[in-house]
Amino acid sequence: PPPPPNQPPAKQDVKVFSEDGTSKVVEILTDMTARDLCQLLVYKSHCVDDNSWTLVEHHPQLGLERCLEDHEIVVQVESTMPSESKFLFRKNYAKYEFFKNPVNFFPDQMVTWCQQPNGNQAQLLQNFLNTSSCPEIQGFLQVKEVGRKSWKKLYVCLRRSGLYYSTKGTSKEPRHLQLLADLEESSIFYLISGKKYNAPNDHGMCIKPNKAKVETKELRLLCAEDDQIRTCWMTAFRLLKYGMLLYQNYRIPQQRKALLSPFNTPVRSVSENSLVAMDFSGQTGRVIDNPAEAQSAALEEGHAWRKRSTRMNILSSQSPL
């Protein structure tokens with residue numbers, strides 16, 4: 001007897017906005033990941049797939065946004081978003097920059113280890129992905145005080161268990177550390193409307209609980225001294241929360257590219273803007289600099305190609321191709 005049919009995953013409509021303000025409503029399976037939806041949008045929008053497209057969770061009312069991780073389930077994320085929030089389809093070339101250039105991240109004073117790792121900063125990536133090691137990111141951040149408009153400069157420490165601040169200078173003794181936010185049930189966002197929260201600068205970030213109805217007092221608003229330091233903190237949050245899963249997300253496009261047959265991939269990839277007109281009528285090739293001459297050569301080549309195509313058609317088949 002035939003096996004009982006498996007229950008197929010349900011479908012749901014998702015609305016996604018482009019940066020020009022236009023939107024698409026796409027029907028997706030309820031188990032579709034952010035990477036899968038980006039691949040679908042690349043296909044439907046006829047975009048060049050350079051593995052830099054990402055899905056952005058945008059909250060205009062809260063002044064927050066973040067890039068979804070490739071493995072996140074789109075429908076699950078949407079269920080935690082209020083009605084005024086939306087998805088954006090956007091490029092982000094720096095999403096996995098840490099894996100490409102790990103030594104450019106985390107100045108020495110920002111990182112400490114419970115067990116001193118062997119080697120130098122080049123081993124930073126391996127230590128972050130190894131769950132048995134205990135990295136700590138520490139430094140001063142401006143932190144918005146709960147229930148007030150004021151901000152306070154505090155010594156902050158990020159561990160796998162959460163984000164803490166010290167109640168006594170730069171002390172990291174357990175009795176001096178207070179939990180600011182955990183990593184498990186939260187996500188880290190860019191603060192895109194700092195003025196809304198009276199932020200001291202434009203390098204703000206926010207740790208927001210993963211739920212639809214969030215009160216302002218539940219947001220943990222932070223400001224770094226510059227954009228590079230903010231990038232380090234946000235990267236550390238993602239690495240400590242997802243670990244090896246984040247590295248696998250980075251590797252998937254490269255593994256797919258390696259598996260493709262050489263017959264399915266172009267030998268070289270060049271932009272049309274980099275092509276030049278050439279004249280091969282002589283013994284050696286010559287670059288045609290005159291635009292009028294180049295246009296004339298292109299017309300002649302097209303005419304010759306059509307003549308050859310017609311002649312081959314007559315020789316090979318009675319019916320026109």
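The values are calculated or read from the model by the stated rules, or taken from the named source; none is laboratory data. Just so we're clear, the structure is a prediction, and the values are computed from it rather than from any experiment. Glycine also receives a Cβ, built like all others from the backbone with ideal geometry; neighbour counts cover every protein chain displayed. Protein only, heavy atoms only, side chains kept; ligands, DNA and RNA dropped before computing areas. Shrake-Rupley method; radii C 1.70, N 1.55, O 1.52, S 1.80 Å.
Distance between the 7 Å Cα→Cβ label points at ASN201 and GLU19: 2.5 nm.
Antiparallel DSSP bridges in segment 11-91: what percent, to the nearest 5? Each step should come with its number before you reach the end.
Details: 18 of 20 bridges.
Antiparallel bridges: around 90 percent, rounded to the nearest 5.
Cross-link partners for LYS15 among the lysines, with Cα-Cα distance under 16 Å and sequence neighbours closer than 8 places in the same chain left out: LYS24, LYS44, LYS86. Amide hydrogen proximity for SER133: with H placed 1.01 Å from N in the peptide plane, no residue at 5 or more positions away or on another chain lies under 5 Å.
Can you give the relative contact order of segment 11-91 as a percent, counting alpha carbon pairs under 8 Å and 6+ residues apart? Relative contact order of segment 11-91: 37 percent. Estimated at 0.36 nm per residue, the fully extended path between ASP31 and LYS91 surpasses their Cα-Cα distance by 19.3 nm.
Size descriptors for segment 97-254: radius of gyration and Dmax over Cα atoms are 15.7, 47 Å.
Sequentially through segment 147-163, phi angles give Karplus couplings (6.51, -1.76, 1.60; θ = phi - 60°) of x, 10, 8, 7, 10, 9, 7, 10, 7, 10, 10, 10, 10, 4, 7, x, 9 Hz, Gly and Pro residues having no value and appearing as x.
With the simple model of a label 7 Å out from the Cα in the direction of the Cβ, ASP227 to PHE99 spans 2.4 nm. Gain on full extension, evaluated as 0.36 nm per residue between ASP289 and CYS47 minus their Cα-Cα distance, stands at 84.0 nm.
Any chance you could tell me what percent of the C-alpha pair distances in segment 11-91 go past 18 Å? The answer is 34 percent, as a whole percent.
Note on LYS211: accessible area approximately 80 square angstrom, rounded to 10, probe 1.4 Å, nucleic acids and ligands left out. Full extension of the chain segment joining LYS217 with ALA258 gains 10.0 nm, where the gain is 0.36 nm per residue of separation less the Cα-Cα distance.
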